[in-house]
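The values are calculated or read from the model by the stated rules, or taken from the named source; none is laboratory data. What you see is a predicted model; the values in this text were computed from it and never measured. Cβ: placed from backbone, ideal geometry, glycine included. Neighbour counts: every protein chain shown. Quick note on the areas: whole protein, heavy atoms, side chains included, nothing else; ligands and nucleic acids left out. Shrake-Rupley method; radii C 1.70, N 1.55, O 1.52, S 1.80 Å.
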Amino acid sequence: ILITWTKGFKCSGVEGKDVVSMLRKSIKKRGDFDIDIMAVVNDTVGTMMTCGYDDHHCEVGLIVGTGTNACYMEEMRHIDLVEGDEGRMCINMEWGAFGDDGVLNDIRTEFDHEIDMGSLNPGKQLFEKMISGMYMGELVRLILVKMAKEGLLFGGNLTPDLLTTGHFETRYVSAIEKEKEGLQKAHEILTKLGLEPSYEDCVATHRICQIVSTRSANLCGATLAAVLRRIKENKGVDRLRSTVGVDGSVYKKHPHFARRLHKTVRKLLPDCEVRFVRSEDGSGKGAAMVTAVAYRLAAQHRARQKILEALKLSHEQLLEVKQRMRIEMEKGLGKETHAEATVKMLPTYVCSTPDGTEKGDFLALDLGGTNFRVLLVRIRNGMRRGVEMHNKIYTIPVEIMQGTGEELFDHIVYCISDFLEYMGMKGVSLPLGFTFSFPCQQTKLDEGILLKWTKGFKATGCEGEDVVNLLKEAIHRREASEFDLDVVALVNDTVGTMMTCGYEDQRCEVGLIVGTGSNACYMEEMRNVELVEGEEGKMCVNMEWGAFGDNGCLDDIWTEFDLKVDELSLNPGKQRFEKMISGMYLGEIVRNILMDFTKRGLLFRGRISERLKTKGIFETKFLSQIESRRGWHALQAAPSVSCSAVGRAQGPMGRGRALKVPPAARIGATRFVSCGAGAFGPGQVKSASLPSLPVPCSFSTIMRETVKQLSPKCEVTFLQSEDGSGKGAALITAGGCGL
């Protein structure tokens, strides 16, 4: 947007307008060629880029020609007009307006005031009028006129040419100041102006030109020194080494201007090593370089978007995924098709949701990932209705997750013992609800056969066994006097989540988990649950939807990144839907995309670090940390987040491009979840519960919107579970929910 014209330009209808749009309009108007405008570049920036191509220390651009201006590389943390604190950005100073607020009034002369009053923009660009080529010759003319009027030059004679504005050109100043022929040039120029100069007149004119140009060089040097001093302070170095790229007719053509400028800068900055590089190719080369970079970045952006497009599913694709989920659900519910179904639709023997009559003290266990919780849940009804919970979180080490079943369940019982001692309840007898977030075939509420491990667990001797019995055996292996627990209910975490939220909202009949893994449950009509006898009422069905797609029904929307994640997982070919949407795998999907982009030269200058090659280094929590910010604020998180994973310090632009990958992966995952939720169909869903998610709020927002689009006839309320699934396990154990 053109702020204001300078250098004598006054074209109407341009100030306040986008000059690129105006140029594009004019190109289109001609119609005989097509040019894509990639960048608009100030001439000082172009000069800096031109010189910076040959000298990488160049971080200042200076123009002293018809007009004057400067630019330099400023720390982002100091640029309040742009969000972000990392890296640097080139600042176009527009220093020609320095003094417009009156700060230079004490050094402005009567001649400066006269030039300003006679200009096209009085009161504006005052610094430029003191030093630039457009006004230098005019300053000399005004001084000559004043001295002639006072009888100090030309015998007091004036000529029409000398009295005419603009007739003493700046190039005359350069010519007169030349060492050998300066006085001769002065005589020729003054004669051309109709004067009859004496030798003394020529010497005086030479001296006037010298004083005017020296003041210009000194003022320019002083302001440039201020810029360099700021760069030095920004860097916090004892001695600055920097290069200034310079262009402009005054700097290049005046015989002494450059030397005087250099001398002033070095005098004012004795602790800086400043090199001046003259731009031989003007600012056009720099503009072309900026354009080349912009063109390359635009091409890379298109390439990245094309790759990410596979993660963005259309409305039609989402409807198709929803329909496929419905088909797999029917297979899981059917007695004859259950064995071949990937979505197992397992009966849970939970036949109702909380009704407010539950009461008592219960112990609850919650095992669903690398963290394991033990809870004491006190449920009160009546006037004091409410739930009081105490819990402690324990870690499941990887060697136990992937060791033997006996080691795993002994560790669980050790944690129970530690918790009871922590609560001062050694030797108590309590009913226990066991939240076990893995696929189990239940034949009753307190019995469940583990079908397969998921989420990285591989403990041997457990698959095909009753996990309740494994827990009881581990309890008995400890000293009998420690505690006596009655395992009343085995509960999947989705069921626990649904029950937890159902205690607050009795319309809740769906549970959804999107965390380390992903799964859902809902209240199904008994007449449709063919694996269990009876047709009256409802029963909660644990869908185990993480295996959706294991039969190949999602192959057409699987990407190469999903395939790589699956191949390197502990269970290739299994839990394929979960690998597309859950927290255990989203970070790894992003890492694989970053790897692919880098190999193609679309990120990080094509250099892949060893850390980026490390499986699991880009944690899913990074998506939350990055996406929880907006715009350039995300870049403030990126150095500590993505760079710790990428393994090298990245510039803001590199991080900015990398930050566009996590949202694409997350949006794809969110919409897949929505397809599953939308598959319940009209009339089946009144309220759905969600656990407390380790993902950004945009995840839940997009999911709600997508569910609404895919199931327009359903009015769905989402209730986030603040207490996890342990509370739900206790509510089931309380005996008022289907026992």
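Modelled label-to-label distance, Glu463 and Ser12, 7 Å Cα→beta-carbon offset: nm? Going by the 7 Å Cα→Cβ label model, 8.3 nm. Phi angles of the stretch 224-236 translate, via the Karplus equation with coefficients 6.51, -1.76, 1.60 and θ = phi - 60°, into HN-Hα couplings of 5, 4, 5, 5, 5, 4, 5, 4, 4, 5, 4, 7, x Hz per residue; Gly and Pro are given as x. Note on Ile1 and Lys359: the model spin-label points, each 7 Å out from Cα along the C-beta direction, lie 6.8 nm apart. Legend: calculated FRET efficiency, Glu560 to Arg296, from the Cβ-Cβ distance at R0 = 35 Å, rounded to 0.05, equals 0.90.
Where a ≥ b ≥ c are the square roots of the eigenvalues of the C-alpha gyration tensor, would you call the stretch 110-225 rounded, which needs a/c under 1.5, or, failing that, prolate if a/b is larger than b/c, or oblate? Oblate. When only Cα pairs below 8 angstrom with a gap of at least 6 residues are kept, the chain shows a relative contact order of 12 percent. Calculate the length of the line joining the C-alpha centroid of the stretch 318-395 to that of the stretch 133-148, in whole Å. When both Cα centres are located, 90 Å separates them. Modelled label positions at Val428 and Lys263, each set 7 Å beyond Cα in the direction of Cβ, lie 9.1 nm from each other. Placing R0 at 41 angstrom, the Cβ-Cβ distance between Asp101 and Lys180 gives a FRET efficiency of 0.40 after rounding to 0.05. For the stretch 522-563, the residues whose backbone nitrogen is under 13 Å from a point 7 Å from the Cα of Ala310, taken along Cα to Cβ, are 555-563. Helix 697-710 versus the longest principal axis of the chain: what is the Cα-based angle in degrees, 0 to 90, to the nearest 10? Helix 697-710 and the main axis of the chain meet at about 70 degrees. If one takes the longest principal axis of the Cα atoms in the chain, at what angle in degrees, from 0 to 90 and to the nearest 10, does the Cα axis of helix 583-599 lie? Computed tilt is about 40 degrees. For the stretch 193-351, the per residue solvent-accessible surface stands at 49 Å², with DNA, RNA and ligands left out and a 1.4 Å probe. Rolled with a 1.4 Å probe across the full set of protein chains, the surface gives Leu490 an accessible area near 10 Å².
Restricting the stretch 509-614 to GluC sites (Glu not before Pro) that sit in a DSSP loop and have at most 11 other Cβ atoms within 10 Å of their own Cβ leaves Glu533, Glu535, Glu536, Glu610. In this view, the solvent-accessible surface of Trp5, computed with a 1.4 Å probe and all protein chains in place, comes to about 60 Å². Which parts of the stretch 428-466 would a label at Glu473 reach, counting a residue when its backbone N lies under 16 Å from a point 7 Å out along Cα-to-Cβ? Once the point is set 7 Å along Cα→Cβ of Glu473, 447-451, 459-466 turn out to lie under 16 Å by backbone N, inside the stretch 428-466. Counting protein heavy atoms only, the chain has 51 percent of its accessible area on carbon and sulfur, 1.4 angstrom probe. Within the stretch 389-464, the proportion of C-alpha pairs whose separation exceeds 16 Å stands at 59%. Under 5 Å from the amide H of Asn69 lie the amide H atoms of Ile63, each residue being 5 or more positions distant or on a separate chain, with H modelled from the backbone and absent for Pro and chain starts. Scalar couplings 3J(HN,Hα) for the stretch 294-305, obtained by applying the Karplus form with A = 6.51, B = -1.76, C = 1.60 to θ = phi - 60°, are 4, 5, 5, 5, 5, 5, 5, 4, 4, 5, 5, 4 Hz; x denotes Gly and Pro.
Coordinate range of the alpha-carbon atoms in the chain per principal axis, descending: 124, 60, 51 Å. Take each peptide in 68-80, 297-309, count the other Cβ atoms within 10 Å of every residue, and average; sorted highest first, the result is 68-80, 297-309.
Angle of helix 19-30 to the longest C-alpha principal axis of the chain, folded into 0 to 90 degrees and rounded to 10: 80°. Take the Cβ atoms of Thr214 and Asp238, set R0 to 45 Å, and the FRET efficiency comes out at 0.90.
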